[in-house]
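Participant: One structure, as structure tokens, below. Some questions next.
No lab work stands behind these numbers, since they all come straight from the coordinates. Every value quoted in this text rests on a predicted model; they were computed, and no experiment measured them. All Cβ positions, even for glycine, are placed from backbone atoms using ideal geometry, and neighbour counts span all protein chains on display.
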Amino acid sequence: MSRRLGFTLAEVMVAVSMTSFIGIVVASSMSVGFRAKEVVETEADIFRELRSGMGRITREISMAFLSNNYDTTRYRDQQDRPTFFEGEEKELSFTMLGHQRRTRDAKESDQSVVFFKVDRDPDERRLTSLLRCEIPVITEDIKSCEAWETLVSDVSKIQFSYWDNVKSEWVREWDTRGNEYPNKLPDRVRIELTGKDERGKDQKYVTQARINLVTPLGM
């Protein structure tokens, strides 16, 4: 009788074990690859939002301005003038020349007042974020702003500092309506933002904005 051909039980078990081992290695490699892809995508999203937000705040600070052209009978002195720059460590507000009209025939110009701070995110209350608010018409009654929008989400801290040319040092406050810096803008503003990296750890990001018009306009 002819001998039947086939595999023994031991050979089958060895083959199954090797196949299982190869499958585990491939699955593990794919899992590591997917995790690496998620980390890279998260990092890219963070830096994309960071570049956009920090780019906007530096661009708008660079367009800050003061004007000597105002009604002196209506605004009595420098503490009362409509254009200003009020900078503290954690908040900043100023008049700028970068406003863009979004509605046709809106009674607005390129002048506006902008505010920046870190506070509770209006959309995600569990987060604190870098927020921006803009008032498109400069008036004497501007004390605060209501329509805040998120520039950079999940931010824990912001710190502004202002370059004093006379002292040759960074100062923590700058108020053009005060007595120390009347009617004069800082040459530079440094922004230090503490946010989260792709692993959820605190990471500090630093940039500077140079103001183009440090002396008041005559128009």
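Participant: Show which lysines lie in cross-link reach of Lys157 when reach means a straight Cα distance below 25 angstrom and same-chain residues fewer than eight apart are skipped.
Facilitator: Here the lysines satisfying the reach criterion relative to Lys157 are Lys90, Lys117, Lys143, Lys196, Lys201, Lys204.
Participant: Still on this structure, please answer the following. Which residues among segment 124-162 fall inside the zone where the amide N is under 13 Å from a point 7 Å beyond the Cα of Trp170, along Cα→Cβ?
Facilitator: From segment 124-162, the list is 158-162.
Participant: Ranking Leu66, Leu97 by Cβ neighbours within 10 Å, fewest first, what do you get?
Facilitator: Leu97, Leu66
Participant: So, one more: Sorting Phe94, Phe115 on the 10 Å Cβ count, fewest up front, what's the list?
Facilitator: Lowest count first: Phe115, Phe94.
Participant: Within segment 121-164, list the residues whose amide N lies under 12 Å from a label point set 7 Å along Cα→Cβ of Arg177.
Facilitator: Answer for segment 121-164: 139-144.
Participant: Most exposed first by the Cβ proxy, i.e. fewest other Cβ within 10 Å, how do Lys117, Lys204, Lys143 rank?
Facilitator: Lys143, Lys204, Lys117
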